[in-house]
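Structure, as structure tokens:
The values are calculated or read from the model by the stated rules, or taken from the named source; none is laboratory data. Please read these numbers as outputs of a predicted model, since none were measured by experiment. Using ideal geometry, Cβ is built from the backbone for each residue, glycine included, and neighbour counts are taken over all protein chains shown.
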Amino acid sequence: MVFCASVPHHITALFMPIIKEDPIYSGSIGIGIAIEPRLKLCIGEEILNNYENLPYTAKEVLNKLKINGNLNLNMPLPVKMGYATSASSTIATELIGFLYGKISYLKALQEAHKIEIENKTGLGDVLAISCGIGIVLRKREGAPGIGEVDCISFPKDISIVTLEFGSMETKELLNNYDPQILNESQIALNKIEEDFSFETVLYEIKAFTEKTKIINMLNNKTDKILKTPGLISYYVKKKMVVLLIENNKIEDALYNLKGIGLNLRILRPSSHGPEAWQE
């Protein structure tokens, strides 16, 4: 018997941390994109062991729920980059615990959120991934069932491209969130809540990135990135630039970007949230 879970990733564009005494009620409000390829984890006696890179938050779940067996992990996106890979792996492990009958579905998601908060590996990614489709708006902080989240679909004529120029712990990201960034985040989120549409999100995340000048950390690469053909919006998460590019210009855009000397990935928006099944 083999139990599996498949979970999308999530890249936050901007957020407001809201920390309370109880981690279940802590988290963040914010806006981001749920993306694929998905993380997949399977556990059972009939599979080969392959879990060398399993994030420590997921290992904590296995120990807590006392789940044993061979593990097979397909983790297509790295940790510490801004893809919420830690959250995806923690959700996947908790959902396998749900399949084993050790925990309810909602409690599994809440426990994943709690572990992310306690380990300071994420604030709102579990809530965002619980919706898991296209563009995700976190309206109220907290774990799934407590926080409030909504999703809208992502247009098919837009490509998602990321450029990685380093890694960063979530704790360091929070330390870098100065008063100006917090203020601009709140302003942008207020406008997005008033009109939660693709057009408004694109405009506000780009305006936020320009006002806070976060992209300037790329120094001499910034101008070339911003001149990418078909670029309609962009933002920075940790040390990664997220570019939204018109599909009909994607070949020209990739040609422009591949000479820039940064690790490049082409992603796609997630079409559905977490899922778990028995094989």
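Here are the numbers for this structure:
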quantity	calculated
Within the stretch 215-262, tally of residues that are outside any helix (DSSP H, G or I), in contact with a Phe, Trp or Tyr (Cβ under 8 Å, 6 or more places away or on another chain) and either farther than 20 Å from Glu36 by Cβ or not aromatic (Phe, Trp, Tyr) (or both)	8
Test: residue in the stretch 21-42 that is at pLDDT below 95 and surrounded by fewer than 22 Cβ atoms within 10 Å (Cβ to Cβ)	no
Some residue of the stretch 266-273 being crowded, with 16+ Cβ neighbours inside 10 Å and either free of Cβ contacts under 8 Å to residues at least 24 places away in the same chain or over 30 Å from Phe3 (Cβ atoms) (or both)	no
Top-ranked residue of the stretch 50-109 - restricted to ones that are assigned to a loop (DSSP other than H, G, I, E, B) and of a type in the set (D, E, K, R), ranked as surrounded by the most Cβ atoms within 10 Å (Cβ to Cβ)	Lys80
Residue check for Lys171: exposed (fewer than 15 other Cβ atoms within 10 Å of the Cβ) and assigned to a loop (DSSP other than H, G, I, E, B)	no
Flag for Leu137 being part of a helix (DSSP H, G or I) and outside the structural domain of Gly230 (by TED's automatic domain parsing)	no
